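The values are calculated or read from the model by the stated rules, or taken from the named source; none is laboratory data. Keep in mind that what you see is a predicted model, and the values were worked out from it rather than measured. Cβ: placed from backbone, ideal geometry, glycine included. Neighbour counts: every protein chain shown.
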Amino acid sequence: MKEPIHYGPLRLVDGGRLVGFMEDNGAVVDGDYLADLKDEIDIKKQWCMWDKPAFYDFLRETPRGMAAHVTPRTEEVTEWTGTDVKVILDNMKSRRAARSFTGEPVSDDDIWQMVQAGRFAASGGNLRPHRFLVTRNPETVRKIRSFSPGMLAEPSAIIAILIDWDQVAREFSSIQPSMIPYVDVGTAAQNMLNMAYALGVGSCPVTSFSQSGVAGVLDLPSNLTVELLIMLGQPKPVERGLNANAPKSVTTKDLTSWETFGNHDR
Ligand SMILES: Cc1cc2nc3c(=O)[nH]c(=O)nc-3n(C[C@H](O)[C@H](O)[C@H](O)COP(=O)(O)O)c2cc1C
């Protein structure tokens, strides 16, 4: 397989995590094997630096060993219909940043759906170095807003997307220099915005805020930085747009080239 060398150790690290996940979900039939495997991964992932053949052998053999020790998935695979695809695309096309709220609360169940959508976003190396911090307390929301000039409305709740730099230092050592954690913030945010819209909740991403100010309000330890805030609220029926930069009629065709850059025709 042709791929960057660091993908091997990344997959191993991910394999170690999956072992934990399988244990949590009762998919495991041989606990001792998995405990040993986790230790083995921790040691043998280092081999990529000084014993490439042994490392590649380990990469090849480990999945076979794992396959013999787990029970297969029994869930049904979702089959998408044309109607589902249209609903999903319509949701993405009609979602707008909401900046005008009624003041009514957003339910915990709705917020939970949003953070789940964030959790299932694509993530570089599947490492997921981001954390989601939900704030519903009106006083805390007010304080966060006082450090956020870009927060143009009073939300009922805020989801702060953080990066855990301790995790990045631990697990991203083979990727350098890396913008992956920031990309992960974006993928999670977009999933959350789409889910919010699907639930009828108004949402708006905000990056215009003081990182240190908001971190102080949230009492965060130094390994956590606040990268993006999503304000949430019940949207007012007539949505107020941000006029400063609008409207630019960018079409999908304008943004997309086929085969050669600048060739917009299929
Ligand atoms: C990275 C990023 C940062 C943003 N920061 C802010 C912000 O600080 N304040 C704000 O009101 N909107 C912010 N937005 C929302 C954009 O202005 C909005 O997504 C854009 O105008 C397109 O409008 P739409 O989301 O309704 O399609 C941000 C969006 C992104 C992706």
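Of everything in the stretch 92-116, what is away from the ligand (no atom under 16 Å from the Cβ), over 22 Å from Thr225 (Cβ atoms) and in a helix (DSSP H, G or I)? Give them in sequence order.
Within the stretch 92-116, Asp108, Asp109, Asp110, Trp112, Gln113, Gln116 qualify.
How many residues does the stretch 133-158 contain that are assigned to a strand (DSSP E or B) and within 14 Å of the ligand (Cβ to nearest atom)?
Looking only at that region, the number is 1.
Find all pairs meeting these conditions: Cβ atoms under 6 angstrom apart; at least six residues apart or on different chains; first residue within the stretch 111-131 and more than 18 Å from Pro205 (Cβ to Cβ); second residue of a type in the set (Val, Ile, Thr).
Gly124/Ile180; Pro129/Ile163; Pro129/Val168
Among the residues that make up the stretch 73-88, is at least one of them within 23 Å of the chain's Cα centre (by Cα), closer than 22 Å to Ala189 by Cβ and either more than 15 Å from the ligand (Cβ to nearest atom) or modelled with pLDDT of 95 or more (or both)?
The answer is yes; a qualifying residue exists.
Tell me yes or no: at least one residue of the stretch 181-189 is over 25 Å from Arg96 (Cβ atoms), outside any strand (DSSP E or B) and either outside the structural domain of Arg11 (by TED's automatic domain parsing) or at pLDDT below 95 (or both).
yes
Quick one: would you say Arg60 is charged (D, E, K, R) and outside the structural domain of Arg136 (by TED's automatic domain parsing)?
Yes: the conditions hold for Arg60.
Conditions (1) under 19 Å from Lys236 (Cβ atoms); (2) crowded, with 19+ Cβ neighbours inside 10 Å, marked per residue:
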{"position": "Met114", "(1), (2)": "no, yes"}
{"position": "Phe120", "(1), (2)": "no, no"}
{"position": "Gly124", "(1), (2)": "no, no"}
{"position": "Pro129", "(1), (2)": "no, yes"}
{"position": "Ser156", "(1), (2)": "yes, yes"}
{"position": "Leu162", "(1), (2)": "no, yes"}
{"position": "Gln190", "(1), (2)": "no, no"}
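For the stretch 201-241, give me the residue count where each residue is part of a loop (DSSP other than H, G, I, E, B) and either within 13 Å of the ligand (Cβ to nearest atom) or of a type in the set (Lys, Arg) (or both).
Of the residues in that region, 8 qualify.
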